[in-house]
Amino acid sequence: MKALHEMGVAELGRALGSREVSSAEVTKHLLARVASHQHLGAWLSVDGDNAIAQAQAADQRRAAGASGPLLGVPLAHKDIFVTSVLPTTAGSKMLEGYMSPFDATVVRKLADAGTVTLGKLNCDEFAMGSSNENSAFGPVRNPWDPSRVPGGSSGGSAASVAARLVPATTGTDTGGSIRQPASFSGITGIKPTYGVCSRYGMIAFASSLDQAGPLARSAEDCAILLSAMSGFDERDSTSANRPPQDFHAAMRRPREGASAARPLEGLRIGLPREFFPAALASDVDSAVRASLRELEKLGATLVDVSLPRTELSIPVYYIIAPAEASSNLSRFDGVRFGHRAKRHGDLLDMYKKTRAEGFGPEVKRRIMIGTYVLSHGYYDAYYLQAQKLRRMIADDFQRCFLSCDVIAGPVAPTVAWKIGGKGDDPVATYLADIFTLPASLAGLPGMSLPAGFGEGGMPVGLQLIGNYFDEATLLQAAHAFQQATDWHTHAPAGI
Ligand code: GLN
């Protein structure tokens with residue numbers, strides 16, 4: 001039998017089902033790995049005793065006849081989902097030691113499916129970032145090269161799956177924070193259509209963009225997790241009221257006219273020319289193009305499409321996301337949640353000192369940008385213009401989907417950079433979000449899957465974007481690709 005940490009979600013579910021292993025055994029094995037990989041900086045809290053108790057309860061349920069693909073499977077949550085048993089920080093000093101009185105819907109749904117929560121994972125402060133260097137609790141290191149970033153903001157989630165500390169994790173994606181860390185860390189991740197996963201109990205960054213999703217080693221594992229995480233929630237007013245979906249079954253349903261050798265027969269993959277600019281790093285370009293040829297061999301046809309406002313998605317996102325953040329973060333006032341300055345004068349002074357002490361530099365920057373673009377004098381010039389362009393970007397996608405079923409391209413313009421490599425220039429980091437922001441602004445589902453290696457032996461991801469609520473086609477294409485290639489099975493050296 002394989003080492004326990006080598007098993008993915010589907011495989012582990014089968015081994016647990018056939019009683020080859022117990023959840024308690026796997027849980028203890030993974031807790032020991034978490035403890036011996038502290039140098040990655042990926043974990044903010046671990047509750048071993050409680051995890052073992054959950055695992056034993058799952059084993060007892062199995063012994064009593066219960067079953068399910070996730071019963072007894074260990075995982076961990078990005079520290080932006082509130083949990084009632086473990087502290088929740090959102091990567092911020094503002095919430096250091098904060099205990100939520102309830103569990104986020106995504107957390108509760110996964111617990112109901114029988115998963116075992118090992119702990120909470122490091123992330124950029126309030127999910128603002130692309131490198132996990134913005135956490136108040138230190139950076140996360142990339143298991144493929146610890147001198148590099150794992151991507152962000154779900155960096156702890158991606159690094160933990162890549163280092164085989166846990167078979168799957170949750171993440172959130174506002175402008176790329178599931179897809180980009182998955183790409184940088186050589187794993188698979190999916191951000192579903194806006195509204196598919198409940199945002200209840202997900203600490204809000206930009207509410208019109210925030211969406212939860214799984215990070216795992218394969219599309220199949222992501223499909224299993226997404227089935228359990230998703231679904232209508234009356235506690236989230238933007239939750240999509242649609243019947244529950246079995247993404248795992250949908251992913252395996254054969255396409256019309258397909259054969260074993262050509263499982264993607266009839267699938268039209270659109271390549272936006274703006275996703276392949278001259279400035280795209282050549283290692284990323286060649287890995288992505290090689291994977292497109294592979295998809296062609298599997299029966300897909302490639303068609304040229306255009307997303308003419310791709311570049312504009314950067315200023316549009318970096319107006320809308322900070323605008324919403326400045327409003328959402330006003331709740332951290334020293335009265336209701338978390339940190340309060342010890343020494344202060346009157347009430348206004350208490351607010352000021354609390355926020356000055358509690359928030360890090362990137363969060364402060366965004367609160368200032370957001371407040372500015374929403375201010376009376378600049379609302380029309382910035383915020384309103386950005387909203388108009390957001391609609392045009394979404395319309396551009398719909399024009400593409402007239403001639404293709406999914407859109408493909410790179411996830412990021414380069415492989416993972418060195419920690420500190422972007423210096424203190426926030427705009428340099430913002431620019432690297434160019435290929436993930438468009439789908440976020442449009443609310444479309446997107447995924448990232450391993451597609452090869454580039455400079456320094458670092459992983460390169462392929463991005464697939466689908467039409468609204470068509471996660472099944474994305475997962476189907478990704479699964480077919482992973483059946484025919486082995487990029488997703490590579491592990492970092494020494495892991
Ligand atoms: N990198 C983007 C940002 O900094 C996206 C972050 C995210 O998706 N949470 O806002």
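The values are calculated or read from the model by the stated rules, or taken from the named source; none is laboratory data. Predicted, not measured: the structure shown is a model, and the values here were computed from it. Counting neighbours? That spans all protein chains shown, and the Cβs are built from the backbone with ideal geometry, glycine included. Ligands, DNA and RNA are stripped out before the accessible areas are found, and what is left, the full protein with its side chains, is counted by its heavy atoms. Shrake-Rupley method; radii C 1.70, N 1.55, O 1.52, S 1.80 Å.
Some points to look at:
- When the residues of region 386-426 are filtered to those that are at pLDDT 95 or above and among the basic types (Lys, Arg), the one that is farthest from Glu265 (Cα to Cα) is Lys418.
- In region 168-187, the residues that are at positive phi reach residues that are more than 9 Å from the ligand (Cβ to nearest atom) and assigned to a helix (DSSP H, G or I) with C-beta atoms within less than 8 angstrom, at least six apart or across chains, in these pairs: Gly186/Ala162; Gly186/Trp487; Gly186/His488.
- A count restricted to region 153-167 and to residues that are within 12 Å of the ligand (Cβ to nearest atom) and touching a helix residue (DSSP H, G or I) at 6+ places or on another chain (Cβ under 6 Å) stands at 3.
- If you go through region 211-239 and keep only what is over 19 Å from Ser183 (Cα atoms) and assigned to a loop (DSSP other than H, G, I, E, B), you end up with Gly231, Phe232, Asp233, Glu234, Arg235, Asp236, Ser237, Thr238, Ser239.
- Residue count for region 20-55, restricted to those that are open to solvent by less than 30 Å² (accessible area, probe 1.4 Å), small (Gly, Ala, Ser) and part of a helix (DSSP H, G or I): 5.
- Test: residue in region 113-121 that is open to solvent by less than 10 Å² (accessible area, probe 1.4 Å), away from the ligand (no atom under 14 Å from the Cβ), basic (Lys, Arg) and touching a residue at least 24 places away in the same chain (Cβ under 8 Å): yes
Conditions tested, residue by residue: (1) in a helix (DSSP H, G or I); (2) crowded, with 24+ Cβ neighbours inside 10 Å; (3) among the hydroxyl-bearing types (Ser, Thr, Tyr); (4) more than 16 Å from the ligand (Cβ to nearest atom).
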residue: Val85; (1), (2), (3), (4): no, no, no, yes
residue: Asn132; (1), (2), (3), (4): no, yes, no, no
residue: Pro150; (1), (2), (3), (4): no, yes, no, no
residue: Thr169; (1), (2), (3), (4): no, yes, yes, no
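- Condition broken by Glu324, with the remaining ones in (1) among the charged types (D, E, K, R); (2) more than 16 Å from the ligand (Cβ to nearest atom); (3) out of contact with any strand residue (DSSP E or B) (no Cβ under 7 Å at 6 or more places or on another chain); (4) part of a helix (DSSP H, G or I) satisfied: (2)
- Within region 64-81, tally of residues that are assigned to a loop (DSSP other than H, G, I, E, B) and open to solvent by less than 10 Å² (accessible area, probe 1.4 Å): 6
- Annotation for region 11-19: at least one member residue is closer than 23 Å to His248 by Cβ and part of a loop (DSSP other than H, G, I, E, B).
- Among residues of region 328-342 being at negative phi and either β-branched (Val, Ile, Thr) or touching a helix residue (DSSP H, G or I) at 6+ places or on another chain (Cβ under 7 Å) (or both), the one that is nearest to the ligand (Cβ to nearest atom) is Leu329.
- All helices (runs of 4 or more DSSP H) inside region 345-459 with 2 or more residues being within 13 Å of the ligand (Cβ to nearest atom) and under 22 Å from Thr193 (Cβ atoms): 437-442
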